[in-house]
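Laboratory data are not the source of any read-out in this text; all were calculated from the coordinates shown. If you're wondering where the values come from, they're calculated on a predicted model, not measured in any experiment. All Cβ positions, even for glycine, are placed from backbone atoms using ideal geometry, and neighbour counts span all protein chains on display.
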Amino acid sequence: MASHAILGAERVFARAWRETFDDGGLRQLRTPVLFGCCLLMAGCATVLPGVLSDFSEMKAEVSVPILRNILFEAPYSKVLESSGPVAEKHCASVGRKPVFVSMRGVDLRNSVVVVGVGATNTDDAIVLYRCDKERDEEEEAVRIALAAFSPDVVVHVWDKLSEAERRRLKDDEPFRRALDEGSLRTVSAEMDRVLGDARQTPAPPSSAT
């Protein structure tokens with residue numbers, strides 16, 4: 001997103017440069033220069049370091065400040081990168097490991113608009129972790145990767161699967177590859193494929209009477 005904003009600003013300034021030498025006037029520069037400055041000021045939503053906002057032996061709630069902008073959303077993956085080490089440190093202090101549970105507040109509803117441009121302001125995303133004594137490292141890696149696409153997928157899909165279905169997914173190579181390389185649409189398609197295969201189990205043969 002930042003590269004798009006910068007590229008747009010470069011184009012605006014290039015046009016302004018041409019106008020300066022072709023027309024010899026500075027008046028025509030006003031609009032494109034101001035527009036270019038606005039693009040640079042817009043930037044991406046910035047995720048700041050997370051802090052422990054609530055905790056117990058069983059949980060770690062991490063508050064992640066986000067410098068918001070009406071044009072851009074903070075990526076879920078950046079919020080997780082900020083909150084993960086905080087939860088890891090707390091859970092380790094009680095001899096446990098963090099397991100991602102949910103995330104809220106990563107949206108643009110509290111952003112404001114000034115003169116048609118997204119004005120930045122700071123709100124917090126809240127990321128909740130459960131501190132478990134035992135954790136399946138591979139399964140948690142899949143949960144975190146899914147959360148980076150959409151936390152709702154973890155809460156409403158992954159956590160409602162059976163243990164056997166989760167095992168099929170985490171052991172499926174195309175699905176894991178889609179997590180690393182694909183889009184949410186590709187991940188969803190691979191998930192549907194694996195779960196469809198897992199659920200199409202033949203009925204047991206009826207016993208002869």
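A few notes on this one:
- Backbone HN-Hα couplings from phi across the stretch 51-62 [Karplus 6.51/-1.76/1.60, Hz, Gly and Pro as x]: 10, 6, 9, 7, 7, 7, 5, 9, 8, 9, 9, 10
- By average C-beta atoms within 10 angstrom, highest first, the peptides 133-139, 91-97, 162-168: 91-97, 162-168, 133-139
- A simple spin-label model places the labels of Arg135 and Ser102 1.9 nm from each other, with each point 7 Å out along Cα-to-Cβ.
- Note on Leu184 and Glu165: the model spin-label points, each 7 Å out from Cα along the C-beta direction, lie 1.9 nm apart.
- Modelled spin-label separation between Ala198 and Ala92, with each label point placed 7 Å from Cα along the Cα-to-Cβ direction: 3.1 nm.
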